[in-house]
1. Quick one: I144 ticks every box in (1) within 26 Å of V174 (Cβ to Cβ); (2) part of a loop (DSSP other than H, G, I, E, B) except a single one, so which number is it?
2. Among (1) modelled with pLDDT under 95; (2) closer than 30 Å to P216 by Cβ; (3) surrounded by 24 or more Cβ atoms within 10 Å (Cβ to Cβ); (4) of a type outside the set (D, E), there is one condition G138 misses while meeting the rest; what is its number?
3. Condition test on T228, is it of a type in the set (S, T, N, Q), modelled with pLDDT of 90 or more, under 12 Å from the mean Cα position of the chain (by Cα) and surrounded by 18 or more Cβ atoms within 10 Å (Cβ to Cβ)?
4. Select from region 96-114 the residues that are surrounded by fewer than 22 Cβ atoms within 10 Å (Cβ to Cβ), not in a loop (DSSP other than H, G, I, E, B) and not charged (D, E, K, R) and list them in ascending order.
5. Anything in region 158-167 that is surrounded by 15 or more Cβ atoms within 10 Å (Cβ to Cβ) and part of a loop (DSSP other than H, G, I, E, B)? List them, or say none.
6. State which residue is surrounded by the most Cβ atoms within 10 Å (Cβ to Cβ) when the search covers only region 168-210 and only residues that are assigned to a strand (DSSP E or B) and in contact with a helix residue (DSSP H, G or I) (Cβ under 6 Å, 6 or more places away or on another chain).
Amino acid sequence: MATCRMHARVATVLFAAVVTSCSDSPRETTPSELGTSTDTASSVTAPSATPSTQHVASPPSTGAQTPIPSSTAGVSINARNEPSAATSSTVSNLAPIDPEVQLTQAAETAFDPPFTLQIPDDWTAVLRDPSAFQAYAGEEDFEITFDHTYRELESVDQGIARLSGTAGLVPGPVDTVTVGGREGKGFLGTASSSVRFVDSGFHTNQAMPVELFVIPAPDGTTVTIFLTAGGDPQHGLEPLDRLARRIFETVEWKSAP
């Protein structure tokens, strides 16, 4: 899915999450990336798709880099450059996701703060940079994005208020969520056009609902989690929410609570 950073970047590098399958036989994971950026160390390349959301990554750290072709589908990330206009009418042919699917694939990330989680076997996990991790189905048609770009000290309630004030976003009622034992809050936002979250650069390229969660980080900042369903904007977010909350239960933070 999808996010984009607005501050200047010196290089276009995406970092992959190390993904291992819980099944007996090895499998390859397919990271994809939208826009014109070029990197991410991962197993294989993904087919093209048309992005409905994008994210520009933070400055790169050192590490292995494997160029991949740009993608163009459901939801995605543009690593450094501003995204080109997306085709809002494009809808993926991906079948609806099963919110009760088994979570058989283990993903360990170098996200800051680091964590592990379990995702479906046919999903892809990608570390875009230390502040942006994504797990998604298909060509980023259904996506969960962890974002830690905003580093100002704030409470969960302050984070909710900050995101609720995003221009063009209509926030719904606030709900509670638990991610790896950390209690946070979230809401469903709707919009009649594309929306940009200025503190992270994450934005949609078309009118579509976005679910947002704010989780406390050990350093007094907060982590934002975005859920987007570009593959089925009208109906896909509800099953994605159910699946995401199951995935959140598998998160194990590698830093102090």
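The values are calculated or read from the model by the stated rules, or taken from the named source; none is laboratory data. Here the structure is a predicted model, which is why all the values come from computation and not from measurement. For neighbour counting, all protein chains shown are included, and Cβ atoms are generated from backbone atoms with ideal geometry for every residue, glycine included.
1. Result: I144 passes all but (2).
2. Exception for G138: condition (2).
3. When the stated conditions are applied, T228 passes them.
4. A106
5. Scanning region 158-167 gives a single hit, T166.
6. V179
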